[in-house]
Every structure is written in structure tokens, then in C-alpha cells.
1. If the viscosity is 0.692 mPa s and the temperature 37 °C, what translational diffusion coefficient in µm²/s does Stokes-Einstein give for the chain when Rh comes from Kirkwood over Cα pairs?
2. Just to check I understand the Karplus step: with θ = phi - 60° and J = 6.51 cos²θ - 1.76 cosθ + 1.60, what whole-Hz values come out for the stretch 26-35, glycine and proline as x?
3. Just to confirm the number: angle between the C-alpha axis of helix 39-65 and the first principal axis of the chain, 0 to 90 degrees, nearest 10?
4. Would you calculate, for the chain, the mean residue ellipticity at 222 nm contributed by helices, counting each DSSP H stretch of 4 or more residues as -39,500 (n - 2.57) and dividing by all residues, to the nearest 500?
5. Could you check the spin-label model distance between residue 60 and residue 17? Points 7 Å from the Cα along Cα→Cβ, value in nm.
Amino acid sequence: MGDKDKKAKRKGAEHEVKGTKKEVEGKVEKEVGKVTDDRSKQAKGAAKEAAGKVQKKAGEATRKSAD
């Protein structure tokens, strides 16, 4: 495995971790919005959760393409 592949795997893994973190933060924010009846917070949380899922999937794809 070359340096380029190792860097791609590492970058992909970093994006997976960051995406998972963002996804979880979004879920929490969305639930807090539900509990407090704050629709704005619910929407922001849902958007953050979706962005996290996309980032995580992009990281997976990057990491797998380096194989």
C-alpha cells in the first residue's frame, strides 16, 4: 500500500469519525428541540444529523476506494 492510499484511508476514517460525531450531535439537538417544543432547534438538529450522515458515508467511500 502506497503513501497515497494510506493518506486516503486516514482521511476517510477522519471523515467517518467527524460525520458520526456531527450525526449524534444533531440527534441530540433534535431531541432537545422536541422536549422544549423548539421547532427551530429541531430543524437545525435534523439538518446537522443529515449532514453528519453524508460526511460519514463520504468518508467510508474514500476509505474503501483506497483498498
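Values in this text are rule-based calculations from the coordinates and carry no lab data. Just so it is clear, the structure is predicted and the values come from calculations on it, not from any experiment. Cβ coordinates were reconstructed from backbone atoms using ideal geometry, including for glycine residues, and neighbour counts include every protein chain displayed.
1. On the way: Rh = 12.4 Å.
Rounded, D is 264 µm²/s.
2. Running phi through 6.51 cos²θ - 1.76 cosθ + 1.60 with θ = phi - 60° gives x, 4, 5, 4, 4, 5, 4, x, 5, 5 Hz.
3. In the chain, helix 39-65 runs at an angle near 10 degrees to the longest axis.
4. Working: 2 runs with 61 residues, N = 67.
So the calculated ellipticity at 222 nm is -33000 deg cm²/dmol.
5. Calculated label separation equals 1.9 nm.
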